[in-house]
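Reading through the structure tokens given below for one structure.
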Amino acid sequence: MSQKKKKKKTAPSGNISVKENPAAKPSGKTPDSTPEKVSEKTPIKERPAKPAPVKEAAPRPVPPQPRTVAGQIVEYTPDPEEKKDDRDDFFKEDKLELATMTAKERRAVKKARREKEMEGMNRGQRFKYLLYYYQWPLIVTTMVAGCIIWLIVALATSKPPVAISAAFLNADSEKEITEDLLSTYMKEANINSTYRAVAEGFHLSMDTLMQDISDNMNNPDFTRFPALARDSYYDIVITDKGGLDYLSYNDLAKYPDYVLPQDMLEALKDREAKATDAYGQTFVYGYDISDTEFAKNLNLGYKKTYLCFPGSTSESQMHAEHFARYIFNLPTPEAQ
């Protein structure tokens, strides 16, 4: 039997490219909708694993927002059409230009600028403007003038330093208590003339204390002496026996060994004046100076004259020691 030879179809000559449609998905069916037979030897494809979750990017930081009041943003936005205040520009001087001018020309330029700025101002506005323009010169001038006035007043009202401050108790006449009582001491002790002496008189005695309290209840001088004595205003107190008892009873005089050095305590041991305090105890509160030239020249009517020391400061005690060495004719430590 003759068999017919089958002709094989050959592809046309030339370059032919076949593009696959990426959108086409295999449906598992043939074009003729005939289901394909799955061979038992063909393995079934496994389902692909789920991809790892993608980490979301961190949110971008939110810039700080302007403050709000009642839901409205409070923020100032300059108005481009707003008129600029040129007063500050008026005070900005061209230093390079003014440096080339003389002082007279600079004053003229500044005066012209001020007059131009004050055009159209009333008297009150001119005053405020000039006050603002010259505020720093006015402040500096006022401070300098205040310092000068204070210095002049301080120099006019200030008193020379005190060389000795004394209180005299129970003199026959308080009118005789003046600084002249200490003038001899000031001269003979060679105290500088720029220093001064203070002398005041009071009537305070234990013999008449209750009557004095009744008669001088409203007299400020009656309470003035105790306050000044406790404040070390007085360096020394010169008194009679009644005043000595008053000082000891009210604790207004210091013990001599609290004020004077040891050499003076030994030299004045035979002059000690004792008195009783408020507790009934007897102590040394001063010295008897009745036979000294200084006490004889006082003429204050004392039968016995005593020297006491009320001061508690180092300066007051130094003045008291210097005075005691003078009236008792004791040498100073430098002269020994």
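The values are calculated or read from the model by the stated rules, or taken from the named source; none is laboratory data. Note that the structure is predicted; figures quoted are calculated from it, not measured. For neighbour counting, all protein chains shown are included, and Cβ atoms are generated from backbone atoms with ideal geometry for every residue, glycine included. To get the accessible areas, we keep the full protein, side chains included, count just its heavy atoms, and leave off ligands, DNA and RNA. Shrake-Rupley method; radii C 1.70, N 1.55, O 1.52, S 1.80 Å.
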Output ordering of 240-248, 296-304, 139-147, 267-275 (per-residue mean of other Cβ within 10 Å, highest first) is 240-248, 267-275, 296-304, 139-147
HN-Hα couplings for the range 137-150 via Karplus (6.51, -1.76, 1.60; θ = phi - 60°), in whole Hz with x for Gly/Pro, come out as x, 5, 5, 5, 5, 5, 5, 5, 5, x, 5, 5, 5, 4
Counting only protein heavy atoms and leaving out ligands, DNA and RNA, the solvent-accessible surface of Val153 at a 1.4 Å probe, in Å² to the nearest 10, equals 80
Sequence order, the range 248-263: Karplus ³J(HN,Hα) from phi using 6.51 cos²θ - 1.76 cosθ + 1.60, θ = phi - 60°, Hz rounded, Gly and Pro as x, gives 5, 5, 9, 6, 9, 10, 8, 5, x, 5, 8, 10, 9, x, 5, 5
Sorted by chain and then number, the residues having a modelled amide H within less than 5 Å of the amide H of Ser232, at least 5 places away or on another chain, are Ser312
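Would you please give the FRET efficiency between Thr332 and Leu265, computed as 1/(1 + (r/R0)^6) with r the Cβ-Cβ distance and R0 = 22 Å, to the nearest 0.05? Walk me through the intermediate numbers first.
Working: r = 16 Å, r/R0 = 0.71.
About 0.90, to the nearest 0.05.
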Mean Cβ-within-10 Å packing, highest first, puts peptides 105-118, 175-188, 317-330, 226-239 in the order 226-239, 317-330, 175-188, 105-118
Sorted by chain and then number, the residues having a modelled amide H within less than 5 Å of the amide H of Gly286, at least 5 places away or on another chain, are Ala273
